[in-house]
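*Asks:* Below: one structure in structure tokens.
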Amino acid sequence: GAVVSQHPSWVICKSGTSVKIECRSLDFQATTMFWYRQFPKQSLMLMATSNEGSKATYEQGVEKDKFLINHASLTLSTLTVTSAHPEDSSFYICSARLGQGYQPQHFGDGTRLSIL
Amino acid sequence: AQSVTQLGSHVSVSEGALVLLRCNYSSSVPPYLFWYVQYPNQGLQLLLKYTTGATLVKGINGFEAEFKKSETSFHLTKPSAHMSDAAEYFCAVSDRRDSSYKLIFGSGTRLLVRP
């Protein structure tokens, strides 16, 4: 149980393109989803917390207009990297948690984004 | 603010040897504690967690961790390493007082297993 699917797993695109990444909880309802960014050989940095039906809460230093997050349902959150540039190249990982009590986060397999 | 320290960015052990990966947290109130494993180009998989109750926690793949409040530690161990254990391991904490349930990750420890 507690499977999180992330799509696509790998994206290569030209500079200036907008890229959408999907995060789905397949077998549970996720009231909260999280988006992380991971640079090579580094730890995960939280970008934003997404609650179903409300605006995402962004961490300090993360551009809201650059990284658009939508959490329209209890099983789907999307991250759109708008007008992507080479410095946006990174590994993006989402996670989801059940809403009742304290439950751990379950992670997707990540999306490798490469901007040329 | 919460922080997590993982001593040793790389740990190398022989196959069959004891694995010990260290994690210390900084908080006056013990947080929720987690260990995750990450294989190359993949997301994170939960190994085990401590929220309350018994301080020795058993997880998947033969791993276990012990919460020691007096030492503010949550070290991860496995009695006998397998080649398949080679991966990146992250310790993470979540502040019990924070209803956002955000995770703060340590810097990670890469486990190398020698044949």
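*Asks:* Checking B:Pro79 against (1) over 14 Å from B:Phe34 (Cα atoms); (2) in contact (Cβ under 8 Å) with a residue 24 or more places away in the chain; (3) in contact with a strand residue (DSSP E or B) (Cβ under 7 Å, 6 or more places away or on another chain), which test does it fail?
*Replies:* (3) is the only condition that B:Pro79 fails.
*Asks:* Just to be sure I understand the filter: pairs with C-beta atoms under 9 Å, separated by 6 or more residues or on different chains, first member in segment A:20-42 and under 23 Å from A:Gln60 (Cβ atoms), second member assigned to a strand (DSSP E or B) and charged (D, E, K, R). Which pairs pass?
*Replies:* If the second residue must be assigned to a strand (DSSP E or B) and charged (D, E, K, R), the pairs left are A:Thr32/A:Arg97; A:Met33/A:Arg97; A:Phe34/A:Arg97.
*Asks:* When residues of segment B:41-59 are filtered for being within 14 Å of another protein chain (Cβ to nearest Cβ), in a loop (DSSP other than H, G, I, E, B) and within 18 Å of A:Pro104 (Cβ to Cβ), how many remain?
*Replies:* So in segment B:41-59, the residues within 14 Å of another protein chain (Cβ to nearest Cβ) come out as B:41-53, B:57, B:59.
Adding the requirement that they be in a loop (DSSP other than H, G, I, E, B) leaves B:41-43, B:51-53, B:59.
Now restrict to residues that are within 18 Å of A:Pro104 (Cβ to Cβ): B:42-43, B:51-53, B:59.
The total comes to 6.
*Asks:* Additional query: Out of B:Arg110, B:Arg96, which single residue is under 25 Å from A:Tyr92 (Cβ atoms), facing chain A (nearest Cβ under 9 Å) and charged (D, E, K, R)? Before you say what the answer is, go through the steps one by one.
*Replies:* Working: B:Arg96 fails: under 25 Å from A:Tyr92 (Cβ atoms).
Only one candidate qualifies: B:Arg110.
*Asks:* Okay, next question. Could you tell me whether segment A:4-13 includes any residue that is more than 14 Å from the chain's Cα centre (by Cα) and surrounded by fewer than 18 Cβ atoms within 10 Å (Cβ to Cβ)?
*Replies:* Checked segment A:4-13: at least one residue is more than 14 Å from the chain's Cα centre (by Cα) and surrounded by fewer than 18 Cβ atoms within 10 Å (Cβ to Cβ).
*Asks:* Next question. Does B:Val57 fit the bill of being of a type in the set (A, V, I, L, M), surrounded by fewer than 18 Cβ atoms within 10 Å (Cβ to Cβ) and touching a Lys or Arg at 6+ places or on another chain (Cβ under 9 Å)? Quick ask: steps written out before the conclusion?
*Replies:* Working: of a type in the set (A, V, I, L, M): yes; surrounded by fewer than 18 Cβ atoms within 10 Å (Cβ to Cβ): no; touching a Lys or Arg at 6+ places or on another chain (Cβ under 9 Å): yes.
Criteria not met by B:Val57.
*Asks:* Give me the residue from segment B:1-40 that is small (Gly, Ala, Ser) and assigned to a loop (DSSP other than H, G, I, E, B) and, out of that set, surrounded by the most Cβ atoms within 10 Å (Cβ to Cβ).
*Replies:* We begin by selecting, within segment B:1-40, every residue small (Gly, Ala, Ser); these are B:1, B:3, B:8-9, B:12, B:14, B:16-17, B:26-28.
Subsequent filtering for residues that are assigned to a loop (DSSP other than H, G, I, E, B) retains B:1, B:8-9, B:16-17, B:27-28.
Numbers: B:Ala1: 6, B:Gly8: 13, B:Ser9: 11, B:Gly16: 12, B:Ala17: 14, B:Ser27: 16, B:Ser28: 5.
Among residues in segment B:1-40 that are small (Gly, Ala, Ser) and assigned to a loop (DSSP other than H, G, I, E, B), the one surrounded by the most Cβ atoms within 10 Å (Cβ to Cβ) is B:Ser27.
*Asks:* For segment A:16-25, enumerate the residues that are more than 11 Å from the chain's Cα centre (by Cα) and surrounded by 13 or more Cβ atoms within 10 Å (Cβ to Cβ). Outline the logic, then answer.
*Replies:* First, the residues of segment A:16-25 that are more than 11 Å from the chain's Cα centre (by Cα): A:16-19, A:25.
Within segment A:16-25, A:Thr17, A:Val19, A:Ser25 meet the criteria.
*Asks:* Which ones in segment A:12-32 are outside any loop (DSSP other than H, G, I, E, B), closer than 18 Å to A:His85 by Cα and more than 13 Å from every other protein chain (Cβ to nearest Cβ)? Working first, answer last.
*Replies:* Initially, segment A:12-32 is screened for residues outside any loop (DSSP other than H, G, I, E, B), giving A:12-13, A:19-25, A:30-32.
Right, trim to closer than 18 Å to A:His85 by Cα and you get A:12-13, A:19-21.
Correct list: A:Ile12, A:Cys13, A:Val19, A:Lys20.
*Asks:* Hey, another quick one. Taking segment A:44-54 as the search range and keeping residues that are buried (at least 18 other Cβ atoms within 10 Å of the Cβ) and of a type outside the set (A, V, I, L, M, F, W, C), which one is nearest to the other protein chains (Cβ to nearest Cβ)?
*Replies:* Pass one, segment A:44-54, residues buried (at least 18 other Cβ atoms within 10 Å of the Cβ): A:44, A:46-50.
Keeping just the survivors that are of a type outside the set (A, V, I, L, M, F, W, C) gives A:49-50.
Details: A:Thr49: 6, A:Ser50: 11 Å.
By that ranking, first place goes to A:Thr49.
*Asks:* Kindly indicate whether B:Ser9 is facing chain A (nearest Cβ under 10 Å) and in contact with a strand residue (DSSP E or B) (Cβ under 7 Å, 6 or more places away or on another chain).
*Replies:* Details: facing chain A (nearest Cβ under 10 Å): yes; in contact with a strand residue (DSSP E or B) (Cβ under 7 Å, 6 or more places away or on another chain): yes.
Yes, satisfied.
*Asks:* Also: Going through segment A:55-113 one residue at a time, which ones are within 21 Å of B:Gln45 (Cβ to Cβ), more than 10 Å from chain B (Cβ to nearest Cβ), among the polar types (S, T, N, Q) and not in a loop (DSSP other than H, G, I, E, B)?
*Replies:* Within segment A:55-113, A:Ser77, A:Ser90 qualify.
*Asks:* Within segment B:61-78, is even one residue under 24 Å from A:Phe107 (Cα atoms), assigned to a strand (DSSP E or B), within 16 Å of the chain's Cα centre (by Cα) and within 11 Å of another protein chain (Cβ to nearest Cβ)?
*Replies:* Taking every residue of segment B:61-78 in turn, none turns out to be under 24 Å from A:Phe107 (Cα atoms), assigned to a strand (DSSP E or B), within 16 Å of the chain's Cα centre (by Cα) and within 11 Å of another protein chain (Cβ to nearest Cβ).
Matching residues to (1) modelled with pLDDT of 95 or more; (2) over 18 Å from B:Leu56 (Cα atoms); (3) in contact with a Phe, Trp or Tyr (Cβ under 7 Å, 6 or more places away or on another chain):
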| residue | (1), (2), (3) |
| --- | --- |
| B:Val11 | yes, yes, no |
| B:Glu15 | yes, yes, no |
| B:Leu18 | yes, no, no |
| B:Cys23 | yes, no, yes |
| B:Ser28 | no, yes, no |
| B:Pro31 | no, no, yes |
| B:Trp35 | yes, no, yes |
| B:Gln38 | no, yes, yes |
| B:Gln42 | no, yes, no |
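*Asks:* Check A:Asp27, A:Asp65 and return the single one that is farther than 30 Å from B:Thr52 by Cα and charged (D, E, K, R). Give the steps one after another, and end with the answer.
*Replies:* On the way: A:Asp27 fails: farther than 30 Å from B:Thr52 by Cα.
From the options A:Asp27, A:Asp65, the qualifying one is A:Asp65.
The values are calculated or read from the model by the stated rules, or taken from the named source; none is laboratory data. What you see is a predicted model, and the numbers here were worked out from it, not measured in a lab. As a convention, Cβ positions derive from the backbone with ideal geometry for all residues, glycine included, and neighbour counts pool all protein chains shown.
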